[in-house]
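Colleague: Sharing a structure here in structure tokens format.
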Amino acid sequence: FQLSPSQINDMLRAGELSHKTLVLNGKNANSVLRFESNQLASNTPIEDRRSAATCLQTKGMMFGVFDGHAGSACAQAVSERLLHYIAVSLMSRQTLEEIELAVECMKPVLPILQWHKHPNDGEYREITSQYFENLRVYWQHLLDLDTEPGFSLEEAMISAFKRLDSDISLEVQAPQENELMRNIALQVAFSGATACVAHVDGVHLHVANTGDCRAVLGVQEEDGTWSTLPLTRDHNAFDEFEIRRLKREHPRSEEKTLFVNDRLLGILMPSRAFGDVQLKWSKELQHSVLENSSDAEALNIYQYVPPNYHTPPYLTAEPEVTYHKLRSKDKFLVLASDGLWEMLSNEKVVKLVAGHLTELNEQKPQLPFEKPVNLGYMHSLLLQRKNRGIASLDQNIATHLIRHAIGSNEYGEVDQEKLAAMLTLPEDLARMYRDDITVTVVYFNSETIENYYRNNE
């Protein structure tokens, strides 16, 4: 089945999302210039999710990539909720009190986030009110802490990740009259998701990571060359720190069974994730919750207790948080699910983005018209424009990366036949060759960053 180039482009570009930050009085005070994002499904429906939002009550922008497994339910819930939990964790006591008062008096609540969404980014409409109630319980808990000025950014991110995971676990244990809401809670808790979230505020970049999504910085050195700065570690069986951490948390008798065939308990690739209560709860709790549920099978809930399940929890959603102070040479941040990193190395990704940037910059200057304009000159202008158009096929850098991830040949060039073949694989085969891929690239404003250092020296 042969796809035409335009059909290939339509398939690759269906999930494109881009957003430019506002320029005020000719100045862009935001260190984020713009971001571009895209997704390509391998599973039906896709199990990856993404989020991007501007924080309205605190300063900063947030970007998240979420890689679901055993279904998309957990990734969906986390993509809708996690940025709210982080934003609430960062609020001042006064703002939290104002929001709480508004809810009590049934007045409009201050908006917390301005979302930047793609029309396909779905949401659990039926359960939004319950999600809001549980978020409220969280901010009431923060108000009870009596700590001002509150959390540091790192603490806020850790607290938000852990609290949301705990809420996911508690929601499915709570008695629930509404069957639809109960089924969603079951699917969310018994599927799982890894998460990587970046928070950018001025020159301050924090990345919180749970699992094997990845964040990589593209850095342009003074001599014009590009280098790569990874801001996350993959939490899996290939990471020495993770192996040691899990060994510390469990008895010595389990050392040999913690990782089997490079998977946690022989089941899961990532060693940190949201949801996945079958690797967190006791056998008894799993049994009692599933026993009371209508029909676990109909909900595609995978019931399996691994043979060496003795001292749960084996899995945590606690993130590792990296702080990086942005410099004017830090040009962009790539956040992506492991579907991209399985195909392309960090260095290759940075090289592709850098090459794309150079190409876009070369496209900008308009060729000056020579007077008088003759036909031959016009013809050469049009030819130059046409050649440039072919070279830079994708305006959206995330699409450019996905195109290379699935279509590159051994020389690193995109092979149209391979691309068409990868896009037309039947679903059961597609999973053997590629995973869901989600990519968000955040471009930084070097000028704003330079001004920061100029004004704060």
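Colleague: Got a sec? Which of 137, 200, 216, 172 is β-branched (Val, Ile, Thr), more than 30 Å from residue 345 (Cα to Cα) and surrounded by 14 or more Cβ atoms within 10 Å (Cβ to Cβ)?
Modeller: Details: 137 fails: surrounded by 14 or more Cβ atoms within 10 Å (Cβ to Cβ); 200 fails: more than 30 Å from residue 345 (Cα to Cα); 216 fails: more than 30 Å from residue 345 (Cα to Cα).
Just one listed residue meets the conditions, 172.
Colleague: So, in the stretch 403-457, exactly how many residues are closer than 30 Å to residue 60 by Cα and part of a strand (DSSP E or B)?
Modeller: Step one: filter the stretch 403-457 for residues closer than 30 Å to residue 60 by Cα, giving 436-457.
Applying the additional criterion that residues be part of a strand (DSSP E or B) yields 437-444.
Residues meeting the conditions: 8.
Colleague: Shifting gears a bit: Could you list all residues from the stretch 392-406 that are modelled with pLDDT under 95 and either basic (Lys, Arg) or open to solvent by less than 20 Å² (accessible area, probe 1.4 Å) (or both)?
Modeller: Looking only at the stretch 392-406, we keep the residues that are modelled with pLDDT under 95, and these are 392-395.
Within the stretch 392-406, 392, 394 qualify.
Colleague: Out of curiosity, is residue 108 farther than 30 Å from residue 186 by Cβ, open to solvent by 50 Å² or more (accessible area, probe 1.4 Å), of a type outside the set (A, V, I, L, M) and not in a helix (DSSP H, G or I)?
Modeller: Values: farther than 30 Å from residue 186 by Cβ: yes; open to solvent by 50 Å² or more (accessible area, probe 1.4 Å): yes; of a type outside the set (A, V, I, L, M): yes; not in a helix (DSSP H, G or I): yes.
Yes; evaluated as a whole, the condition is true for this residue.
Colleague: Just for the stretch 219-250: of the residues that are surrounded by 19 or more Cβ atoms within 10 Å (Cβ to Cβ) and among the polar types (S, T, N, Q), which one is nearest to the chain's Cα centre (by Cα)? Step through it out loud before you land on a result.
Modeller: Of the residues in the stretch 219-250, the ones surrounded by 19 or more Cβ atoms within 10 Å (Cβ to Cβ) are 231-232, 234-237, 242, 246.
Next, only the ones that are among the polar types (S, T, N, Q) stay: 232, 236.
Working: 232: 13, 236: 18 Å.
Here the answer is 232.
Colleague: Just wondering, is there one or more residues in the stretch 286-298 that are among the β-branched types (Val, Ile, Thr), outside any loop (DSSP other than H, G, I, E, B) and in contact (Cβ under 8 Å) with a residue 40 or more places away in the chain?
Modeller: Looking only at the stretch 286-298, we keep the residues that are among the β-branched types (Val, Ile, Thr), and these are 289.
From what is left, the residues that are outside any loop (DSSP other than H, G, I, E, B) are 289.
With the extra rule that they be in contact (Cβ under 8 Å) with a residue 40 or more places away in the chain, the set shrinks to 289.
Scanning the stretch 286-298, I find at least one residue that is among the β-branched types (Val, Ile, Thr), outside any loop (DSSP other than H, G, I, E, B) and in contact (Cβ under 8 Å) with a residue 40 or more places away in the chain, so the answer is yes.
Colleague: Can I ask one more? Of the residues in the stretch 214-268, how many are out of contact with any His (no Cβ under 9 Å at 6 or more places or on another chain), β-branched (Val, Ile, Thr) and assigned to a loop (DSSP other than H, G, I, E, B)?
Modeller: So the answer is 3.
Colleague: Let me ask you something else. For the stretch 52-75: of the residues being touching a Phe, Trp or Tyr at 6+ places or on another chain (Cβ under 7 Å) and either open to solvent by 10 Å² or more (accessible area, probe 1.4 Å) or among the aliphatic types (A, V, I, L, M) (or both), which is nearest to residue 136 (Cα to Cα)?
Modeller: First, the residues of the stretch 52-75 that are touching a Phe, Trp or Tyr at 6+ places or on another chain (Cβ under 7 Å): 52-53, 63, 70, 74-75.
Filter once more, keeping what is either open to solvent by 10 Å² or more (accessible area, probe 1.4 Å) or among the aliphatic types (A, V, I, L, M) (or both): 52-53, 70, 75.
Numbers: 52: 22, 53: 20, 70: 29, 75: 21 Å.
Only one residue tops the list, namely 53.
Colleague: Of the residues 97, 123, which single one is among the charged types (D, E, K, R), open to solvent by 40 Å² or more (accessible area, probe 1.4 Å) and part of a helix (DSSP H, G or I)? Full working, then the answer.
Modeller: Working: 123 fails: part of a helix (DSSP H, G or I).
97 is the lone residue from the list that is among the charged types (D, E, K, R), open to solvent by 40 Å² or more (accessible area, probe 1.4 Å) and part of a helix (DSSP H, G or I).
Colleague: Taking the stretch 310-347, which residues are open to solvent by 60 Å² or more (accessible area, probe 1.4 Å) and in a helix (DSSP H, G or I)?
Modeller: 347
Colleague: Among the residues that make up the stretch 78-92, is at least one of them outside any helix (DSSP H, G or I) and under 17 Å from the mean Cα position of the chain (by Cα)? Let's see the steps before the verdict.
Modeller: Of the stretch 78-92, the ones outside any helix (DSSP H, G or I) are 91-92.
If we keep only those that are under 17 Å from the mean Cα position of the chain (by Cα) as well, we get none.
Checked the stretch 78-92: no residue is outside any helix (DSSP H, G or I) and under 17 Å from the mean Cα position of the chain (by Cα).
Colleague: Residues being within 22 Å of residue 80 (Cβ to Cβ) and in contact with a strand residue (DSSP E or B) (Cβ under 9 Å, 6 or more places away or on another chain): count how many of those fall in the stretch 126-156.
Modeller: Selection size over the stretch 126-156: 2.
The values are calculated or read from the model by the stated rules, or taken from the named source; none is laboratory data. All values reported here derive from a predicted model rather than from experimental measurement. Methodologically, a virtual Cβ is constructed for each residue, glycine included, from the backbone with ideal geometry; neighbour enumeration extends over all protein chains shown. When the accessible area is computed, the model is the full protein with side chains, heavy atoms only, and any ligands, DNA or RNA have been set aside. Shrake-Rupley method; radii C 1.70, N 1.55, O 1.52, S 1.80 Å.
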